[in-house]
1. Of all the stretches in the chain, which is the longest one without any exposed loop site, taking chymotrypsin sites (Phe, Trp or Tyr not before Pro) in a DSSP loop (any state but H, G, I, E, B) with at most 13 other Cβ atoms within 10 Å?
2. Taking a cut-off of 14 Å, what percent of all Cα-Cα pairs in segment 140-206 are separated by more than that?
3. Report the GluC sites (Glu not before Pro) located in segment 249-349 that are in a DSSP loop and have at most 16 other Cβ atoms inside 10 Å of their Cβ, or state none.
4. For segment 343-418, just run the numbers: alpha carbon Rg, then divide by 2.2 N^0.38 Å, N being how many residues it has.
5. Considering every pair of different Cα atoms, what Kirkwood radius, in Å, is found for segment 491-560?
6. Please label the shape of segment 50-100 as rounded, prolate or oblate, based on the square roots a ≥ b ≥ c of the eigenvalues of the alpha-carbon gyration tensor (a/c under 1.5 means rounded; beyond that, a/b larger than b/c means prolate, else oblate).
7. Can you give the angle from 0 to 90° between the axis of helix 302-311 and the longest principal axis of the chain, with both taken from C-alpha atoms, to the nearest 10?
8. Lys and Arg at +1, Asp and Glu at -1: add these up for the other residues within a Cβ distance under 11 Å of residue 491 and post the number.
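The values are calculated or read from the model by the stated rules, or taken from the named source; none is laboratory data. Just so you know, these numbers come straight off a predicted model, no measurement behind them. Cβ atoms come from the backbone with ideal geometry, glycine included; neighbour counts cover every protein chain shown. For accessibility, only protein heavy atoms count, side chains too; no ligands or nucleic acids. Shrake-Rupley method; radii C 1.70, N 1.55, O 1.52, S 1.80 Å.
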Amino acid sequence: MNKEAVSPTFSEDIREAYYMNIMQIRANLVDANVQIMEVARAGGKTEGVFGPRIVKVANSMPTELGFIVHKTYAALMTNIWPNIQAWFSRPIQDGKRSMLEYGVDYVVGETKIPGHFRRPRYPIVYPKHSILFRNGFHLQLVSSDQPESVAGRSGVHAFIEEMKHQRGEKLKTRLFPSLRGADLRARQSPYYQGITGVSDTARVDLGEDNWFEEYENNMDAALINEIASVSYHINELLFRKSEIEFESRSEKNPIMKEAARLELEKIDRSLSKWTPRLSDMRRNATYYARASSFVNKDILGPKFFKTQLETLDIDEFLTAICAIRKRAVVDRFFAAFEPAKHQYGDGYKYNEILKVDLKDHFQINASYLRYYDKNEDLLLGYDPGAFASLVVAQENNDAETLRILKEFYTVAPEGQTEMAADFYRYFGGYAKNKRIKLYFDRAANKRREELEQITTDARILKRELESYGFDVELMDEGRATIYHWQQYKLLLFIFSPNNSMPRVLIDENECPNLCSAIMLSPKTMKDGRIALDKSSEVKVPLRHQAGLTTQLPSALIYMLYGRYSGQMPSEYSQYPDNLPANITI
């Protein structure tokens, strides 16, 4: 594409009106070397913080290398990069062009560099997963669960998305040391060896990592206020300079043109004095900001907050919308479950994912799962209803480990037909072994009619799955009822160390709602016995139940109990059923 074809004419005013909320304004005024933004849902992180910083860092350090970091490549390719590219493509000049033109200002996943682009200082090692700007600055996608991908690389800046989903120790020990070598010009940049991080508020009670909060203690408030003041002054000068330059283009009066020239010289002297000082201050500064969704209230409008308050439970509303940090851990039904021990994040075949071009449409399926064995049976736990949940697992060959590979759920009016279709899209084309063992609810607190409905729902799901060629065995027909206290004891035993059960591990990338909901599944007491508190299934609207209620954990419980209750040692059943929570036997 010809750059001149979209360039403004000499007489056009190329300034753009651009709305920012107060959080975005402060972020762009301060623009510190380390900039950590803890901003609630719909606060404007991408368009007001992340996107502008990428452009400014790229302009400041031509030919250098930066990193865009997320927990997984899958999220980078399917969510993070598309959002950034959409921001690059926002229309400007009354829709005459995009802010950044593909092929003119940047390219993605290209092995051949356009002729008008500068060559990067270092070769692009992963062109399929890189974004190259025309000044030679390029960004490499980096997955924090595969930090070795930056081994031997010398980057100048790291952009970290959704920090709460990253493991801070991995970033500090493996990624941050890669922010090092650059030429002398890049070392003068205020962004050199810097970090730009954005995230919602972490919910520690769900196992999310709040590692980034420590940067709040590194912020010098007096320095940040001084930076904001100087930056505001420089922005005023730049705006006035652009006004004078535009107006003087059509000015015919020589006296007025001379006055404009003198004022421009005065502005340039002031800029040459304060701009280096501002860069020095920014280079040594850390800026940490925390903002609720209300910072964007003028754009979102009152209906947004009313809807969120009506649809979210109060804990989720306080965290996701109000950015209030939640520390308390509930008294959990999964008392011995520990995310660090019972979740895994290395579940993808990265050698296969790295073959995918960033330009291509990419969707995760079973073929990309590291621990999926297409020759082994699939074990399914199913909890039917208006919100229906399904968890999929496999045992390894020696039955020492059971891995929960994937979660599915549907919300009415969708049902078994849609769930089976989703299951087939994910597993159907890759499974050589089509055998499925389906476990479902046999709870004692159900009326006979309810149990009959559950059995009917399971048979319908069996029929739908078999229409895709699977062979489904219903494992719970005719079984005795299962009491909550029995489930509790099994879970306590199975997630405790040094037991005879298979080790149960959950894929935290493909089962995010299950991992979240386990931490929010409280126990209660009924008639002196331990029970699973399922009140969240009534309080939380259907469309928000996936990660906030006991639905998905219940599906997991049905499978674990149906599969392993017979392996419980006889003496274990003698333990009292009023055991305190969160202990290990």
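1. Excluding the exposed sites themselves, the longest stretch runs over 20-429.
2. Of all Cα-Cα pairs in segment 140-206, 60 percent lie more than 14 Å apart.
3. 251
4. Working it through for segment 343-418, the quotient is 1.32.
5. 13.3
6. It is oblate, given that a/c is not under 1.5 and a/b is not larger than b/c.
7. 20
8. +3
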